[in-house]
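Report on the structure given below.
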Amino acid sequence: MSFLEINGVRKTFGQSVAVEHFELRAERGEFVSFLGPSGCGKTTTLRMVAGFERPSAGHIRIDGVDMTDTPPNKRKIGMVFQSYALFPNMTVADNIGFGMRVAGRPRAEIRARVDEMLGLIHMPEFARRYPAQLSGGQQQRVALARALAAQPQLLLLDEPLSALDAKIRLSLRQEIRAIQRQLNITTIYVTHDQEEAMSLSDRIVVMNRGRIEQIGGPFEVYNFPQTGFVASFVGTLNVLPAEVVDAGAGRVRVDGQEIALGKPISGGAAGQRLSVAVRPEIISPNGAHGPQANQLRGSVEDVTFLGAIVRVRVRLGASAVHFDVFNNPHLAPPAHGDLVTLRFPAESCMVITEARNH
């Protein structure tokens, strides 16, 4: 039996369906992210797990106990919000210990637990400060400590880093993951940031329009997307219009140039139009990937410097392809107007399909 079970959960608001047939089983100590665009149902699902929303259908079990109708204060859940939600008139120590005081824990126990949490977030010297005297990153650390202070069974985080700048976000997500591993607490993390989900998670639940598109580890979701939405939402993607040449051999034509897909096109027929997707980082200019690789010829249309990588756009005809190369200060990147031959393995090509109905 899994530690957290979400079985056939559905949520409607009037005639609007926010979440449809959500199924998930998470193991004890697992870190699972809900990833998707705004309005896809990820926060609504999190709120149903927390007890702030009641499912219109389905059941939620935590450690084998049905919690579907259990109020939030009876669920032993810690929650961290995007807005920190700290009490401005309380010190850091009082904010962290608030839930324990409400629960009527002994004063000595509260003091010991608060000290432990301050050590966990590396802020023991900030105990007597007020939220207004802290940076955004420090306030979010305090919010995390408060959520963990009462030793919850489950930790829920609703886009906790979205209000922070990039460097603090990177540092804090590493801290969150380290703390989660140290405590071995089952964690559900809501985000629309794919990099956050990929770097933090044991598994990712990709959502769109209230439905699950795919569940899998970061490597699986990125490299083997099961739907067109997942392929386009997770990572950067070249999507090229193509025409089927030979469905059985998996061969298509892109802007008059023939390439292989590495496998037959199921249900395809010669002349059929479809879309082929290739990740920019798998494409190499000129001699890489060997003579058996797919080849597309075009001219460099744009070169964009992105720090660690340089992204190059190549015009094939009606369509264009991006490829990435590592920045090397001793090697000049391709120049505008250069003619290049792009190579990529046939097995790296993905045929874009419609979203699945789960």
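The one condition from (1) open to solvent by 10 Å² or more (accessible area, probe 1.4 Å); (2) in contact with a Gly (Cβ under 9 Å, 6 or more places away or on another chain); (3) of a type outside the set (Ser, Thr, Tyr) that Gln174 does not meet is (2).
When region 203-240 is limited to residues that are at negative phi and touching a Gly at 6+ places or on another chain (Cβ under 7 Å), the one that is surrounded by the most Cβ atoms within 10 Å (Cβ to Cβ) turns out to be Ile204. Pairs under 7 Å by beta carbon, first residue among the hydroxyl-bearing types (Ser, Thr, Tyr) in region 313-342, partner not in a strand (DSSP E or B), six or more apart or different chains? Going by the 7 Å Cβ cut-off, the qualifying pairs are Ser319/Asp255; Thr341/Asn286. Suppose the filter is surrounded by 18 or more Cβ atoms within 10 Å (Cβ to Cβ) and out of contact with any Lys or Arg (no Cβ under 9 Å at 6 or more places or on another chain); does Gln180 pass it? Against the criterion (surrounded by 18 or more Cβ atoms within 10 Å (Cβ to Cβ) and out of contact with any Lys or Arg (no Cβ under 9 Å at 6 or more places or on another chain)), Gln180 qualifies. Taking the criterion of being touching a residue at least 40 places away in the same chain (Cβ under 8 Å) and not β-branched (Val, Ile, Thr), the residues of region 65-85 that qualify are Arg75, Lys76, Gly78, Met79, Phe81, Gln82, Ser83, Tyr84, Ala85. Among the residues in region 176-183, are any assigned to a helix (DSSP H, G or I) and among the polar types (S, T, N, Q)? Yes, because at least one residue in region 176-183 is assigned to a helix (DSSP H, G or I) and among the polar types (S, T, N, Q). In region 145-166, the residue that is farthest from Leu46 (Cα to Cα) out of those that are part of a loop (DSSP other than H, G, I, E, B) and open to solvent by less than 10 Å² (accessible area, probe 1.4 Å) is Leu161.
The values are calculated or read from the model by the stated rules, or taken from the named source; none is laboratory data. Nothing here was measured: the structure is a model prediction, and the numbers come from that model. So basically every Cβ, Gly included, is an ideal-geometry build from the backbone, and we count neighbours across all protein chains shown. Accessible surface is based on the protein model in full, side chains and every heavy atom, while ligands, DNA and RNA are left aside. Shrake-Rupley method; radii C 1.70, N 1.55, O 1.52, S 1.80 Å.
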